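First comes the structure, then the notes that go with it.
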Amino acid sequence: MKRLATAMVIAGCAALFAGCVDIPKEGSIAPDIGYRNRKQYAMSGLEQYIGDFLASTSSLPLHFEIMNIRETNGQDVSALSKQIPVVRYTKAITGGESEEELRLKTDTIALPAVTINQHTGVIEVLEGNHIPAGEYRFDIKVSNSSGSRVLQDALIIEFMEYEVISWSAGMARRPEIERVADAPNQIRFVGYLNGEALPGDRIDFTRSRSVGFRGTFVDDTDDGEIWDVDFPVMESNTYCSWKILGQTGEVSYMSENFNFVLGLPGSYVIRLYK
């Protein structure tokens, strides 16, 4: 009798639980699938891997496909599908190859700037993309043996063209970056001392070249120091020295560092304040 009562209680609990919770069956897609931290940030021009998909109790393996991409403010999204040349190795590399031997072991193919890994759901962004600043919304189809489901706005990725990452406490304020033209690929640094813009020969980036962006010095001008650069400009901890002129003509230097990234090719002005 006690066994019968216990069985009835268990059956009743199971029926109650089943009535309240949707328990996925084998071969199903769980109702709570999605990406951890749906809103993400990315830098134009750089290679990146974005998105951590949570399969929950869904049956594996899953298959992923981008169904649609749109920009929140209606901007053009064609840059995300633009083909970019990518070098792939076709044979094993031993490490002792000449340049000619390496060329024979590689092939160049064209891939879209943004794709999705069909097995993991990770968004893969190629280096050298020209994605404009904006907030891009991805509708993603998730499939398994039981069927498929389209997740609207599964990922929202905000791309930035440049970023100031950090600056030393000795600077009067946060450095400012402005993209002023599509060409040439240059940076014009303008140093401000006590609120006054200095000519290019009053700031210097050559005293500590082992750290920071890689570029070619062009000229000191009345409105700043100009450098040619290759894009993207990776995270760059860069030192700048202000040339200080004393009242009696003596010269001294005060150095500060800042860390920045430039993703989209073009002509930039970076303003530094001391």
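Given a 1.4 angstrom probe, what's the average accessible area per residue across the chain, in square angstrom?
57 Å²
Shape verdict for segment 50-142, please, from the Cα gyration tensor: rounded (a/c under 1.5), prolate (a/b greater than b/c) or oblate.
Oblate, since a/c reaches 1.5 and b/c is not below a/b.
By the gyration tensor of its Cα atoms, with a ≥ b ≥ c the square roots of the eigenvalues, what is the shape of segment 82-186: rounded for a/c under 1.5, prolate for a/b over b/c, or oblate?
oblate
Given a 1.4 angstrom probe, I'd like the percentage of the accessible area of the chain that is carbon and sulfur, rounded to a whole number.
52 percent
³J(HN,Hα) across segment 53-65 via Karplus (A = 6.51, B = -1.76, C = 1.60, θ = phi - 60°), whole Hz, x for Gly/Pro?
Whole-Hz 3J(HN,Hα) from phi for segment 53-65: 7, 9, 7, 6, 9, 4, 6, 9, x, 9, 10, 10, 8.
Lysine pairs in the chain with alpha-carbon atoms under 24 Å apart, 8 or more places apart or on different chains: how many are there?
6
Can you tell me, using C-alpha contacts under 8 Å and at least 6 residues apart, the relative contact order of segment 154-274 as a whole percent?
The value is 40 percent.
Pop out the ³J(HN,Hα) list for segment 99-108 in order, Karplus 6.51 cos²θ - 1.76 cosθ + 1.60 with θ = phi - 60°, rounded to Hz; leave Gly and Pro as x.
Working through the residues one at a time gives 4, 5, 5, 5, 4, 6, 9, 10, 9, 10 Hz.
Rounded to the nearest 500 deg cm²/dmol, what is the calculated helix-only ellipticity per residue at 222 nm for the chain, with -39500 (n - 2.57) per DSSP H run of length n ≥ 4?
Calculated from helices alone, the mean residue ellipticity at 222 nm is -3000 deg cm²/dmol.
If I take every Cα pair under 8 Å that is 6 or more residues apart in segment 220-273, average their sequence separation and divide by the length, what percent do I get for the relative contact order?
This gives 36 percent for segment 220-273.
Using alpha-carbon pairs under 8 Å, 6+ residues apart, how would you state the relative contact order of the chain in percent?
It comes to 20 percent, rounded to a whole number.
The values are calculated or read from the model by the stated rules, or taken from the named source; none is laboratory data. Predicted, not measured: the structure shown is a model, and the values here were computed from it. Each accessible area value is taken on the protein alone, full model and side chains, heavy atoms only, with ligands, DNA and RNA left out. Shrake-Rupley method; radii C 1.70, N 1.55, O 1.52, S 1.80 Å.
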